[in-house]
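Before any comments, here is the structure.
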Amino acid sequence: MKILKITVLLSYCCLLFSSCQKDLLEQTPETNISDADYWKTANDLKLYVNNFYNTMLPNYNGWGSIGIYGLDADGSDNMIATSYNSALNGERVVPGSGGAYGAYSDWSALRNVNYLLANYSKVSESFDVIKPYVGEALFFRAYFYFDKLKSFGDLPWINIPLNTSSEEVYNERLPRNVIVDSLMNDLDKAIAYLPTKGSAEASRINKEIAMLFQARIALFEGTWEKYHASTAFGVSGSDGRKFLEKAASVSTALVDNGGGYGLAAFSNEDEYWRLFNQVDYTANNEIMLWRAFNLSLNLGHRWHRYTPSGGGRGLTKNLVDAYLCIDGKPIGSSSLYRGDASLQDVVANRDPRLKQTLYLPDGNHIITDNRPGGQAPVLFEYPTFDVANENKSLTGYQLYKGHNPDYNQQQDLGTTGQIIFRFAEAVLIYAESKAELGQFTQVDADRSINLLRRRVNMPDLSVTMIENDPNREFSAISPLLNEIRRERRVELACEGYRSDDLFRWAAMDEKIRGWKPKGAKRAQWEVPGVPENIATAVKSFPVDADGYIEYYQPVGALNAGYQFKLDRDYLSPIPLDQISLNPKIKQNPGW
């Protein structure tokens, strides 16, 4: 008889919006139950699915982590970390075995999901009672596969629980579009089975979350196939249009009726920053799924040990330059642009989201408040050039988005919520997919891009009067699509989207290869009045011919810029042992 190992959670309140951490999971009791005894009730399914929330959804709570707000340092042009990204520099090698570069050899989570999908029909209760948990399992299978797809492209499709003697262990990799077809099918079913936000149990996957995730995958694959067409990474005979149409259709349904979700209303333009440092998102209609932390259960994270300083990361000049001026024009054509000689100049007359994304010495950017004994708040004055690498500000543009200044959040463990899905992504998918299809009108702009701009008092995007940008980011696409991509970059800055965007747009030739990350002008911290420790430390940061910081380690490693291999590095290599075990598995292009 098969024995099913079930991890019984202490309480559902420490699940997903209050997310159990690994240390707690290691303390939860485990019960070995036979298959015959287990699949009896809907609650059995619920307990089984609960584990997926803890093991498959992201949980950024380790030492050195600053939550989702440090993810752009991993493979994008928005942010850098202390050491340069070796993958962007073309330094990866084919692993002999193991889980490197996306863990091709680890399929255990998929087997767990498939096990439920193979056994749920044994439950005696009606399908109407159990279908939400089947929908959740289908969501998590798609979640697993999408992560693998981004790393490896073509994949074997496995929809049953395998053992070592299963013939399917030796399946070949199917074309990526076939895999995405299966993900769309899984998510169509999940959307049909899942309850809406209004009737779903709090903190569980619901219909609208599944719709957003489906639209995300469809946009990714549609643009991947479009921009990688006629390359080794494209799909023969497909231009991605059907997936773009799917993304447009699903995101339109969300924009039309978010089921209780929508964009958060701001009382003023400075409310954007507060969207990202709340402890409790229960009442926030923009945050669709989030992970909460509870100190009474010893559940917390250490982000705010690092967010008061640079966190060993730095925003790039490339990102900062993307923000428009308050007249709706880019810095290359606006008379309002005051240059970048100082941090104050950089943000003057700019999109208000910029000053809420980086620290400024303006008396309003608080490092720590709510201090013991009624002490005065600690205000930001200078980037932390003079501290250890794990905290250092690397570019002078020090990340403020996601910081919680509450003294209590900066002690051993903090409880600021971790955002997983937010509704702003839905309106951005809507805009991009419609534009990619050539269907984007002023009505669409007013239902998407302009909603994001208006809540921070930025001018509307006019589809027929797009400002000329002499520094247009992507030369081969229309000015309209450039502006939609700009809005996506600005609204979602430092939330972990940018690397996937550059990969799906096949943009590494324009954005990464040959690029040397730069930061702020160093000279602003080499003037009288700057504390000696700051002035001394910043002198160790190299600068380019124009005086912009070029910090990365080891020094000199990127003298020629990143050496991303355009014919190879868009996908990760398959470990050699996997090819040896199954000769049907072929290596990815260029490896």
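The values are calculated or read from the model by the stated rules, or taken from the named source; none is laboratory data. Please read all numbers here as calculations on a predicted model, not as lab measurements. When we count neighbours, we look across all protein chains shown, and the Cβ atoms used for this are built from the backbone with ideal geometry, even at glycine. Only protein heavy atoms, including side chains, enter the accessible area calculation; ligands, DNA and RNA are left aside. Shrake-Rupley method; radii C 1.70, N 1.55, O 1.52, S 1.80 Å.
Look through 145, 69 and report the one residue that is within 23 Å of residue 224 (Cα to Cα) and open to solvent by less than 10 Å² (accessible area, probe 1.4 Å).
145
May I ask you to verify whether residue 133 is open to solvent by less than 50 Å² (accessible area, probe 1.4 Å), part of a helix (DSSP H, G or I), in contact (Cβ under 8 Å) with a residue 40 or more places away in the chain and out of contact with any helix residue (DSSP H, G or I) (no Cβ under 7 Å at 6 or more places or on another chain)?
Considered against the rule, which asks whether it is open to solvent by less than 50 Å² (accessible area, probe 1.4 Å), part of a helix (DSSP H, G or I), in contact (Cβ under 8 Å) with a residue 40 or more places away in the chain and out of contact with any helix residue (DSSP H, G or I) (no Cβ under 7 Å at 6 or more places or on another chain), residue 133 comes out as no.
So which residues in the range 214-235 are open to solvent by 10 Å² or more (accessible area, probe 1.4 Å) and of a type in the set (S, T, N, Q)?
If the condition is that a residue be open to solvent by 10 Å² or more (accessible area, probe 1.4 Å) and of a type in the set (S, T, N, Q), then 230, 231 are the ones that fit.
Can you name every residue in the range 254-312 that is within 28 Å of residue 385 (Cβ to Cβ), open to solvent by less than 50 Å² (accessible area, probe 1.4 Å) and in a helix (DSSP H, G or I)?
Scanning the range 254-312 gives 273, 276, 303, 304.
Specify which of the listed residues (562, 551) is surrounded by 21 or more Cβ atoms within 10 Å (Cβ to Cβ), closer than 18 Å to residue 88 by Cβ and more than 23 Å from the chain's Cα centre (by Cα).
551
Inspect all residues belonging to the range 319-331 and state whether any of them is touching a Lys or Arg at 6+ places or on another chain (Cβ under 7 Å), small (Gly, Ala, Ser) and outside any strand (DSSP E or B).
So far as the range 319-331 goes, yes, one or more of its residues are touching a Lys or Arg at 6+ places or on another chain (Cβ under 7 Å), small (Gly, Ala, Ser) and outside any strand (DSSP E or B).
Run residue 193 past the list (1) under 25 Å from the mean Cα position of the chain (by Cα); (2) on the phi < 0 side of the Ramachandran plot and report the number of the one that doesn't hold.
(1)
Look at the range 437-478 and say how many of its residues are assigned to a helix (DSSP H, G or I) and either at pLDDT below 95 or surrounded by 13 or more Cβ atoms within 10 Å (Cβ to Cβ) (or both).
So the count comes out to 10.
Looking for whichever is of a type in the set (Gly, Ala, Ser) and either in contact with a strand residue (DSSP E or B) (Cβ under 8 Å, 6 or more places away or on another chain) or within 20 Å of residue 306 (Cα to Cα) (or both) here; the options are 363, 374. Which one fits?
Matching residue, one of 363, 374: 363.
Right, residue 187: in contact with a Lys or Arg (Cβ under 8 Å, 6 or more places away or on another chain) and either aliphatic (A, V, I, L, M) or surrounded by fewer than 21 Cβ atoms within 10 Å (Cβ to Cβ) (or both) or not?
no
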